[in-house]
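J.: Could you have a look at this structure, given as structure tokens, before my questions?
The values are calculated or read from the model by the stated rules, or taken from the named source; none is laboratory data. Predicted model only: the values in this text are computed from it and were never measured. Cβ placement follows ideal geometry from the backbone for every residue including glycine, while neighbour counts extend to all protein chains displayed. Remember, those area values only see protein heavy atoms, side chains included, never the ligands or the DNA or RNA. Shrake-Rupley method; radii C 1.70, N 1.55, O 1.52, S 1.80 Å.
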Amino acid sequence: MSTPGIHASSERVTNLTLESKEPTGDIATSWQRYKQASSKVSPANKRKYTVIVVGSGLAGASAAASLSELGYNVHCISFHDSPRRAHSIAAQGGINAAKNYQNDNDSVWGLFYDTVKGGDFRARESNVYRLAQVSTDIIDQCVAQGVPFAREYGGYLANRSFGGALVSRTFYAQGQTGQQLLLGAYQALSKEIGRGGVKMHTWSEVLEIVLVDGHAKGVVMRNLKTGEITRLAADAVCLATGGYGNVFYLSTNAMKSNCTASVRAYRRGAGFANPCFTQIHPTCIPVSGDHQSKLTLMSESLRNDGRVWVPKKKGETRPASQIPEDERDYYLERIYPSFGNLVPRDVASRAAKKMCDAGYGVGPSGYGVYLDFGAAIDRLGNRAVGDRYKSLFDMYERITGDSPWQTPMRIYPASHYTMGGLWVDYDLMTNIPGLFALGEANFSDHGANRLGASALMQGLADGYFVIPYTIGNYLKEAKAGFSDTNHEGFREAEDLVNKKIDTLMGIGGSQTPDAFHKRLGKIIWDKCGMSRTEEGLKEALGQVKELREEFWSDLRVVGGKDGLNQTLETAGRVADFMDLGEMMVLDALTRDESCGAHFREEHQHPDGEAKRDDENYCHGAIWAFDGDGNEPVRNTESLTFNYVPPSTRSYK
């Protein structure tokens, strides 16, 4: 049985029109010139426009607050009971900004260069440079909001290092940076809610994007407590719904994090770019058994002072404290002497996997490596180390029962972030006019690998400093005040929602949504995770298709649709993960090179590093939905590098 919903037709557009709108001329002044040339909406006219923001994390909350402050009428939608529960709150380590407060020769150019190189030359230069430029404004904004960044003894804002950089540019609030930044954005949002500029819709999940004459003009959403289906009209829609890392089932993401809004937009015609670019974070608490439903991140900041090592002896069973120093292999420091333990995440993750696959892993499963703070404690003392990492040490001890003060942490890579997402132009607008994507929901800034502490930077950059300027380019040309929820586009979208819900409820099979999700995640992790092969990807493609057919014939959803039903919620999200999983595997299979986190074993240098093919794959791959039962269609956007010429990425 094929997925119910929109079916292939001769009217479907699969050869997408992809105009990046990148500014020309000197990249250092391109964003300023672009803003000066952008269309402006007068204060009196802003009040006539309504914008829907889906998501209330860093990108969504900052966008909703900023657009409301400008004078637009804003609806902000969250499936949580409060915006504060958005997954941005879980970010630990920090946020990058090119302030050069450490006087270590950092600059906007340096952050731009590190991000392009860290992404293995698979991102637009113009978008990355803009991100580096506005990074400095983000810190000023957050300090003004009262975000309690860590400070040095004299009162100056403190910095630390993250992977892929040789400078200290990461601002942090111990191990709770995401929480503090989200509270800052939340208070800005709350001010606008209180003023009446933002109407907040909690417990609401967007299940369809409404198109009117090809433009995004609203959404259809379901109240998760009552089951009520609601239509909401607007002049533009901004998706700030995060990434799709939970396609792996086990990930560091919150269990409710999903790809539904993005996949529903894709099924309506929005291009989905580079879905195989998924980040595996190297410092996570290892899997402990089949009972687990998620994994726990241990911040990359720990690699500032923690040293990664494995025993030199295969199959070592002695406790870490009994293994002498000369029998330890600090393999990152050995292989990458320049960057040491602060190599980028994809490099560190593959190195850990390689050591464990070779038999040097530690822990009950053999899939773990040590992260040791003994030397840092001896050098700095307990107080200094505690000031930096106490909350993380406490969290690790509560989960594992082991104290990092006494014994090294055991860590192993896990799914964490997704660089792929909805294709957007320089305005952050998808190929559907009026539909924008912000933060992790879009593909624009990180290429094939995101550097640590850059997710928070992008989310707040898009929400505070990009979309408030660029959305006017679309709204200026759109007739203000669209509010016709009786339009045929709304009826069609609501029919699709009801049809899918009724189908999920009516299958009457024997397996739960979580059972299918777990099986899907294992397929994707085993064959489209840290390491990929042509043979494995072909197997995975067939297995995902077979699993999807089984899902639509043997799913069991208990309860009813009129009221709270978390099984129904999960079923809809797993159905979308099935579509995403197929697209992700196809993308990995057709990108016949290695780059960043996309590592094809057939394409590696003699030393085991990723080997790109710039002649054939220096582009973004953008997938178009071609109806149920058909594979998506691959489009491309060529990438040009005028400022950071592509080179073999090396951190040695």
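J.: Let's test the formula: R0 of 30 Å, r as the Cβ-Cβ distance of residue 105 and residue 615. What FRET efficiency results, to the nearest 0.05?
T.: Step by step, r from the Cβ atoms, then E = 0.30.
J.: Could you list log10 I(q)/I(0) for region 216-334 at q = 0.13, 0.18, 0.20 Å⁻¹, which the Debye formula gives when each Cα is one point scatterer?
T.: Here the Debye-derived log intensity ratios amount to -0.78, -1.13, -1.25.
J.: Another one. Rounded to a whole number, what is D in µm²/s for the chain from Stokes-Einstein with the Kirkwood radius over alpha-carbon pairs (4 °C, 1.567 mPa s)?
T.: For the chosen part, D equals 52 µm²/s.
J.: In region 281-416, what percent of the accessible surface is made up of carbon and sulfur (1.4 Å probe, ligands and nucleic acids excluded)?
T.: Working: 2780 of 5860 Å².
Solvent-exposed carbon and sulfur of region 281-416 make up 48 percent of the total.
J.: Now for a separate question. Using only the alpha-carbon atoms, how far is helix 177-195 inclined from the longest principal axis of the chain? Give it as 0 to 90 degrees, nearest 10.
T.: Once rounded, the angle reads 20 degrees.
J.: Sticking with this one: How much length would be gained if the chain were fully extended between residue 365 and residue 607, taking 0.36 nm per residue of separation minus their Cα-Cα distance, in nm to one decimal?
T.: Result: 84.4 nm gained on full extension.
J.: For residue 314, which lysines qualify as cross-link partners when the Cα separation must be under 23 Å and same-chain residues fewer than eight apart are set aside?
T.: 353, 354
J.: Rolling a 1.4 angstrom probe over the protein heavy atoms, how many square angstrom per residue are accessible across the chain? Numbers along the way, then the final one.
T.: On the way: 23920 Å² over 652 residues.
About 37 Å² of surface per residue is accessible.
J.: To continue, here is another question. What FRET efficiency comes out for residue 558 versus residue 44 if R0 is 60 angstrom and r is the Cβ-Cβ distance? Round to the nearest 0.05. If you can, show how the numbers build up before the last one.
T.: Values: r = 53 Å, r/R0 = 0.88.
Efficiency computed from Cβ-Cβ geometry: 0.70.
J.: Sticking to Cα atoms, compute the Rg of region 71-177 to one decimal and its Dmax as the biggest Cα-Cα distance, whole number, in Å.
T.: Reported Rg and Dmax, both Å: 15.8, 44.
J.: Let me ask something additional. Ranked highest first by the average count of other Cβ atoms within 10 Å around their residues, in what order do 27-38, 89-100 fall?
T.: Sorting 27-38, 89-100 by mean packing, highest first, produces 89-100, 27-38.
J.: Aspartates and glutamates near residue 499 by alpha-carbon distance under 13 Å, same-chain residues fewer than 8 away left out - which ones?
T.: Candidates past the 8-residue exclusion: 208.
J.: Under the √(5λ) rule applied to the eigenvalues of the Cα gyration tensor, what semi-axes describe the equivalent ellipsoid of region 495-585? Give them in Å, descending.
T.: Working: eigenvalues 147, 26, 24 Å².
Three semi-axes, in Å: 27, 11, 11.
J.: Under 1.5 on a/c is rounded, so check that first for region 193-276, then, if it is not, pick prolate when a/b is larger than b/c and oblate when it is not; a ≥ b ≥ c are the square roots of the alpha carbon gyration tensor eigenvalues.
T.: oblate
J.: Express in nm, to one decimal, how much length is gained between residue 642 and residue 592 on full extension, taking 0.36 nm for each residue of separation and deducting their alpha carbon distance.
T.: Values: separation 50, 0.36 × 50 = 18.00 nm, distance 2.44 nm.
Extra length from residue 642 to residue 592 when fully extended: 15.6 nm.
J.: Still on this model: For helix 488-506, report the angle its Cα long axis makes with the longest principal axis of the Cα atoms of the chain; keep it between 0 and 90° and round to the nearest 10°.
T.: Once rounded, one gets 60 degrees.
J.: Now for a different question. Please list, or write none, the aspartates and glutamates whose alpha carbon is within less than 14 Å of the alpha carbon of residue 21, excluding same-chain residues fewer than 8 places away.
T.: The reachable aspartates and glutamates, counting only those whose Cα sits under 14 Å from residue 21, are 125, 425, 427, 637.
J.: Along the three principal axes, how long is region 281-416 when you take its alpha carbons, biggest first, rounded to the nearest angstrom?
T.: Cα spread of region 281-416 along its principal axes, largest to smallest: 37, 36, 30 Å.
J.: Provide, as a two-decimal number, the C-alpha radius of gyration of region 11-92 over 2.2 N^0.38 Å, N being how many residues it has. Show your work: numbers first, answer last.
T.: Working: Rg = 17.2 Å, N = 82, 2.2 N^0.38 = 11.7 Å.
So region 11-92 has a normalised radius of gyration of 1.47.
J.: Next up: Which length gain, in nm to one decimal place, applies between residue 522 and residue 510 when the Cα-Cα distance is subtracted from 0.36 nm times their residue separation?
T.: Length gained, residue 522 through residue 510: 2.3 nm.
J.: How far apart, in nm, are two points set 7 Å out from the Cα along the Cα-to-Cβ line at residue 226 and at residue 322?
T.: According to this spin-label approximation, the distance is 6.4 nm.
J.: Relative to the longest principal Cα axis of the chain, at what angle does helix 534-554 sit, 0 to 90 degrees, rounded to 10?
T.: 50
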